[in-house]
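The next block holds one structure in the form of structure tokens; read it before the comments.
The values are calculated or read from the model by the stated rules, or taken from the named source; none is laboratory data. Quick caveat: nothing in here was measured; it's all calculated off a predicted structure. Backbone-built Cβ (ideal geometry, glycine too); neighbour counts: all protein chains shown. The protein model used for the area step is the full one, side chains on, heavy atoms only, and it has no ligands, DNA or RNA in it. Shrake-Rupley method; radii C 1.70, N 1.55, O 1.52, S 1.80 Å.
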Amino acid sequence: MLNENNPLLNPYNTPHDTAPFGKISIKDFEEAMLEGIRRDNEEIDLVVNNPEEPTFDNTIIRKDSDKERSHYYGLLDRATTIFFNLMSAETTDEIDALAEKMQPILTKHSNDVRLNKRLFERIRHVHDLYADGNGKGDLRPLSPEEKTLLDKSYDGFVRSGALLNDKDKEKLRTLSEEASMLSLKFSQNLLKENKAYSLHITDETLLDGLPQTAIDAAVQTAKEQGKDGWVFTLDMPSYSPFMTYSTQRDLRRQMYMARNQVCIHDNDENNLAICKRMVNLRREIAQLLGYDTYADYVLKHRMATNVANVYNLLDSLIEAYKPTAEQERKELREFAGMELEPWDVAFYSHKLQLERYNLDSEMLRPYFKLENVIKGVFSLATRLYGITFKENKEIPVYHPDVKAYEVFDKDGSFLAVFYADFHPRKGKQGGAWMTEYQGQWIDSDGENVRPHVSVVMNLTKPTAEKPALLTLGEVETFLHEFGHSLHGMFANTRFESLSGTNVWWDFVELPSQFMENFSVEREFLQTFAFHYETGEPIPDELIERIMKARNYNCATACLRQVSFGLLDMAYYTKKEEFSEDIIPFEKKAWEKAILGKQREDTCMTVQFSHIMAGGYAAGYYSYKWAEVLDADAFAVFRKEGIFNADTAQRFRDCILSKGGTEHPMTLYKRFKGAEPTIDALLERNGIKTAAS
């Protein structure tokens with residue numbers, strides 16, 4: 001018997017039907033997920049047992065339409081969304097244990113749906129009816145969005161094994177269930193290893209070179225751990241300043257090695273075997289489905305379309321940027337007067353930047369008080385799109401750090417709920433990401449159900465002495481994730497599975513990376529960058545230094561991203577069983593994009609969540625692909641005015657609101673009037689003249 005008091009099984013009775021955080025227990029999640037599976041199966045039975053001929057309206061919409069849902073259907077989606085979002089942002093041992101228990105059950109259910117013969121036959125029947133695009137007989141024509149949904153539904157089943165024989169279906173089921181569990185274990189291991197390490201300093205002389213903001217944060221972390229002195233962790237707001245400013249080379253080495261040896265120790269959190277097995281599992285799955293490699297499987301639904309085009313992009317970037325990157329490294333080595341180890345690079349790069357441009361991140365922190373940055377980012381959205389934000393403390397949140405806002409469109413109508421989670425903590429994964437607690441769709445009565453989007457970051461925390469003061473890099477991170485959130489908030493499609501960020505993965509980074517462009521624009525900085533103590537605006541000459549230093553080491557940074565793309569493709573273009581040792585394979589795979597001598601006792605793969613536990617396997621190149629797009633798109637804004645409301649409205653109408661309803665190149669060309677070129681990126685980075 002169901003618990004009638006389970007908040008997940010009842011109307012939430014919260015503002016905008018937001019998730020009832022604080023009322024949900026771990027047992028509630030388990031019960032809701034199991035009941036959600038039962039209801040899903042009940043809905044599927046209604047579809048497959050329908051005696052009428054399969055049509056779009058009684059099969060495809062109904063199938064997608066736990067999104068045109070009552071509170072009864074869609075329970076599984078709601079419960080798992082909340083649960084797995086919390087697992088990333090606010091996990092506990094109990095959540096981890098339940099995830100391990102439920103993951104195989106959930107994967108089995110997903111396989112049961114995708115491998116349901118009767119359901120697939122109905123979907124295939126409808127797909128065949130519209131094979132010519134118009135529909136046979138007296139069938140009603142489908143809108144472009146409906147046709148996209150039909151194709152996506154059919155192809156989703158095919159790519160999940162619907163056309164396989166029974167023996168291969170069972171093999172696919174086994175492989176996918178194992179992959180699901182290994183992905184979960186990878187993430188759990190990484191979080192445990194990252195949170196297990198800390199550098200505890202009790203000798204004040206060892207703090208030499210560190211800025212006061214880093215020292216204050218280390219004092220606070222020590223107090224939180226019940227220790228005296230100073231504690232530095234592998235969370236980026238702690239790790240990055242230490243590596244940049246500490247004069248203690250031995251301690252920099254210790255921190256670097258701690259971060260770059262996570263999950264390769266001889267303990268239960270070692271990810272080496274998991275990574276090797278994940279690569280082979282994905283290859284086996286792809287080959288079972290008729291593809292030579294996992295990359296071939298993935299790229300069928302990417303703008304790049306095939307492996308050759310990905311390598312063409314990566315190789316062209318190496319050709320364009322490597323000469324400049326090598327010159328950057330040579331100049332840095334000469335400046336340091338020694339051969340550089342990895343733990344020296346950030347330290348001496350900062351010193352050289354300071355000498356050349358009289359600029360470092362600590363000079364800028366006082367002007368980037370978090371509360372002012374929030375206002376600045378929100379005001380930017382208001383200026384571009386006319387939308388406004390209002391904090392609503394009645395909306396439940398899952399941690400006191402989280403702020404919840406109502407977002408209103410330029411006509412005053414409700415647009416979205418926006419959650420912002422800014423700071424690192426014990427149960428939170430590293431990095432930054434955007435997610436949703438509810439997508440957007442239009443229900444059968446015509447109501448436009450608005451999204452609940454969230455950005456989760458690990459930005460500098462406030463201390464007892466100072467508010468949260470960000471680096472310029474952290475401002476860029478905020479803008480990046482906020483760009484993703486705009487993609488979600490502006491969603492305006494009929495079907496949730498096509499709305500917002502449900503687009504091809506080498507297109508999804510365009511809105512986010514596009515927003516990063518504003519971080520160094522004078523007109524934007526002048527709207528919010530005020531000194532947290534004096535209220536004085538950021539000086540013009542400091543902005544000038546920011547703009548001059550924009551491309552400092554940009555070629556080195558480009559090659560770093562390219563190296564990750566090369567590593568990703570090296571794993572997922574394997575046609576035969578992957579049996580090599582991970583660490584030497586990694587060093588060889590990205591060698592042509594690496595500057596300097598590689599260390600044989602560190603490993604990136606075991607902490608590369610994007611390609612092992614995230615959605616970027618055979619797709620990490622997407623960041624550079626989208627960078628071409630974002631530079632090209634921002635060039636349009638720069639030509640027409642970076643705050644031009646008409647240009648912004650066109651960007652919203654053509655791209656941000658359309659989700660995955662049409663091919664991304666169709667959407668982009670509708671915005672710009674032409675396909676993108678790499679020229680704008682090369683010009684932005686100051687490479688084009690040097691390359692030519």
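Among Thr221, Thr233, Thr213, Thr244, which is in contact with a His (Cβ under 8 Å, 6 or more places away or on another chain), within 28 Å of Phe368 (Cα to Cα) and open to solvent by less than 40 Å² (accessible area, probe 1.4 Å)?
Values: Thr221 fails: in contact with a His (Cβ under 8 Å, 6 or more places away or on another chain); Thr233 fails: in contact with a His (Cβ under 8 Å, 6 or more places away or on another chain); Thr213 fails: in contact with a His (Cβ under 8 Å, 6 or more places away or on another chain).
Step by step, each of Thr221, Thr233, Thr213, Thr244 is checked, and only Thr244 is in contact with a His (Cβ under 8 Å, 6 or more places away or on another chain), within 28 Å of Phe368 (Cα to Cα) and open to solvent by less than 40 Å² (accessible area, probe 1.4 Å).
Restricting attention to the range 168-195, the residues that are under 17 Å from Thr233 (Cα atoms) and either surrounded by 18 or more Cβ atoms within 10 Å (Cβ to Cβ) or without any contact (Cβ under 8 Å) to a residue 60 or more places away in the chain (or both) total 6.
Would you tally the residues in the range 1-40 being farther than 30 Å from Glu394 by Cα, free of Cβ contacts under 8 Å to residues at least 40 places away in the same chain and surrounded by 15 or more Cβ atoms within 10 Å (Cβ to Cβ)? Even if it seems obvious, please write down each step before you answer.
Within the range 1-40, the subset farther than 30 Å from Glu394 by Cα is 1, 37-40.
Then drop every residue that is not free of Cβ contacts under 8 Å to residues at least 40 places away in the same chain, which leaves 1, 38-39.
Retained after the next criterion (residues that are surrounded by 15 or more Cβ atoms within 10 Å (Cβ to Cβ)): 39.
Count: 1.
When you look at Ala286, is it in a helix (DSSP H, G or I), in contact with an Asp or Glu (Cβ under 7 Å, 6 or more places away or on another chain) and open to solvent by less than 40 Å² (accessible area, probe 1.4 Å), yes or no?
Numbers: in a helix (DSSP H, G or I): yes; in contact with an Asp or Glu (Cβ under 7 Å, 6 or more places away or on another chain): yes; open to solvent by less than 40 Å² (accessible area, probe 1.4 Å): yes.
When the stated conditions are applied, Ala286 passes them.
The residues of the range 546-561 that are part of a helix (DSSP H, G or I), in contact with a helix residue (DSSP H, G or I) (Cβ under 6 Å, 6 or more places away or on another chain) and open to solvent by less than 40 Å² (accessible area, probe 1.4 Å), listed by number, are Ile546, Ala555, Thr556, Cys558, Leu559.
So, in the range 373-418, of the ones that are assigned to a loop (DSSP other than H, G, I, E, B) and β-branched (Val, Ile, Thr), which residue ends up farthest from Thr460 (Cα to Cα)? Outline the logic, then answer.
At the first step, the residues of the range 373-418 found to be assigned to a loop (DSSP other than H, G, I, E, B) are 386-387, 392-402, 409-413.
This time we only want the ones that are β-branched (Val, Ile, Thr), so: 387, 395, 397, 402.
On the way: Ile387: 27, Ile395: 25, Val397: 20, Val402: 14 Å.
The residue in question is Ile387.
Evaluate the following for Pro396: is it open to solvent by 10 Å² or more (accessible area, probe 1.4 Å), modelled with pLDDT of 95 or more and in contact with a Gly (Cβ under 6 Å, 6 or more places away or on another chain)? Break it down into steps so the answer makes sense when it comes.
Details: open to solvent by 10 Å² or more (accessible area, probe 1.4 Å): yes; modelled with pLDDT of 95 or more: yes; in contact with a Gly (Cβ under 6 Å, 6 or more places away or on another chain): yes.
Spelling it out, Pro396 is indeed open to solvent by 10 Å² or more (accessible area, probe 1.4 Å), modelled with pLDDT of 95 or more and in contact with a Gly (Cβ under 6 Å, 6 or more places away or on another chain).
Of the helices (runs of 4 or more DSSP H) lying entirely inside the range 574-664, the ones with 1 or more residues being of a type in the set (Ser, Thr, Tyr) and surrounded by 15 or more Cβ atoms within 10 Å (Cβ to Cβ) are found at 609-612, 622-640, 645-651.
Yes or no: Thr493 touching a residue at least 40 places away in the same chain (Cβ under 8 Å), among the hydroxyl-bearing types (Ser, Thr, Tyr) and open to solvent by less than 20 Å² (accessible area, probe 1.4 Å)? Talk me through it step by step, then tell me what you get.
Numbers: touching a residue at least 40 places away in the same chain (Cβ under 8 Å): yes; among the hydroxyl-bearing types (Ser, Thr, Tyr): yes; open to solvent by less than 20 Å² (accessible area, probe 1.4 Å): yes.
The answer is yes for Thr493.
Do the conditions hold for Glu481, that is, is it under 20 Å from Val508 (Cα atoms) and touching a strand residue (DSSP E or B) at 6+ places or on another chain (Cβ under 9 Å)? Considered against the rule, which asks whether it is under 20 Å from Val508 (Cα atoms) and touching a strand residue (DSSP E or B) at 6+ places or on another chain (Cβ under 9 Å), Glu481 comes out as yes. Number of residues in the range 364-394 that are hydrophobic (A, V, I, L, M, F, W, C) and under 20 Å from Phe490 (Cβ atoms) equals 8.
Being open to solvent by 10 Å² or more (accessible area, probe 1.4 Å) and either more than 18 Å from Val377 (Cβ to Cβ) or among the aliphatic types (A, V, I, L, M) (or both) is the filter here; which residues of the range 502-514 pass it? Steps first, answer last, please.
At the first step, the residues of the range 502-514 found to be open to solvent by 10 Å² or more (accessible area, probe 1.4 Å) are 502-505, 508, 513.
Residues satisfying the conditions are Asn502, Val503, Trp504, Trp505, Val508.
Restricting the range 144-157 to residues that are free of Cβ contacts under 8 Å to residues at least 60 places away in the same chain and not charged (D, E, K, R), the residue that is farthest from His109 (Cα to Cα) is Tyr154.
Within the bounds of the range 350-363, is there any residue that is open to solvent by less than 60 Å² (accessible area, probe 1.4 Å), under 24 Å from the mean Cα position of the chain (by Cα) and at pLDDT 95 or above? Looking for residues that are open to solvent by less than 60 Å² (accessible area, probe 1.4 Å), under 24 Å from the mean Cα position of the chain (by Cα) and at pLDDT 95 or above, one finds none in the range 350-363, hence no. In summary, helices (runs of 4 or more DSSP H) completely within the range 292-371 and bearing 1 or more residues that are within 24 Å of Lys688 (Cβ to Cβ) and in contact (Cβ under 8 Å) with a residue 60 or more places away in the chain occur at 307-336, 342-357. Residues that are in contact with a Leu (Cβ under 9 Å, 6 or more places away or on another chain), part of a helix (DSSP H, G or I), of a type in the set (Asp, Glu) and in contact (Cβ under 8 Å) with a residue 24 or more places away in the chain: does the range 263-272 have at least one? No, that holds for no residue.
For the range 25-42, indicate whether the set of residues that are within 28 Å of the chain's Cα centre (by Cα), of a type outside the set (Val, Ile, Thr) and outside any helix (DSSP H, G or I) is non-empty. Looking through the range 25-42, at least one residue is within 28 Å of the chain's Cα centre (by Cα), of a type outside the set (Val, Ile, Thr) and outside any helix (DSSP H, G or I). When Thr293 is tested against (1) open to solvent by 30 Å² or more (accessible area, probe 1.4 Å); (2) hydroxyl-bearing (Ser, Thr, Tyr); (3) within 17 Å of Leu175 (Cβ to Cβ), just one condition goes unmet, and that condition is (1). Only residues that are within 29 Å of the chain's Cα centre (by Cα) and closer than 15 Å to Asp344 by Cβ were counted across the range 205-238, and they come to 0. Looking only at the range 14-32, decide whether some residue is at pLDDT 95 or above, of a type in the set (Phe, Trp, Tyr), out of contact with any strand residue (DSSP E or B) (no Cβ under 9 Å at 6 or more places or on another chain) and closer than 17 Å to Leu2 by Cα. Scanning the range 14-32, I find at least one residue that is at pLDDT 95 or above, of a type in the set (Phe, Trp, Tyr), out of contact with any strand residue (DSSP E or B) (no Cβ under 9 Å at 6 or more places or on another chain) and closer than 17 Å to Leu2 by Cα, so the answer is yes. Counting only residues that are surrounded by fewer than 18 Cβ atoms within 10 Å (Cβ to Cβ) and part of a loop (DSSP other than H, G, I, E, B), the range 665-677 holds 4 of them.
Give me the residue from the range 196-208 that is of a type outside the set (A, V, I, L, M) and under 25 Å from Glu90 (Cβ atoms) and, out of that set, surrounded by the most Cβ atoms within 10 Å (Cβ to Cβ). If you could, list the steps in order and put the result at the bottom.
Let us first name the residues in the range 196-208 that are of a type outside the set (A, V, I, L, M), namely 197-198, 200, 202-205, 208.
Within this subset, residues satisfying the condition of being under 25 Å from Glu90 (Cβ atoms) are 197-198.
On the way: Tyr197: 16, Ser198: 18.
Result: Ser198.
Only a single item in (1) in a loop (DSSP other than H, G, I, E, B); (2) touching a residue at least 24 places away in the same chain (Cβ under 8 Å) is not met by Met569, and it is number (1). Out of Glu476, Glu523, one residue alone is over 27 Å from Ala617 (Cβ atoms), open to solvent by 10 Å² or more (accessible area, probe 1.4 Å) and not in a loop (DSSP other than H, G, I, E, B). It is Glu523.
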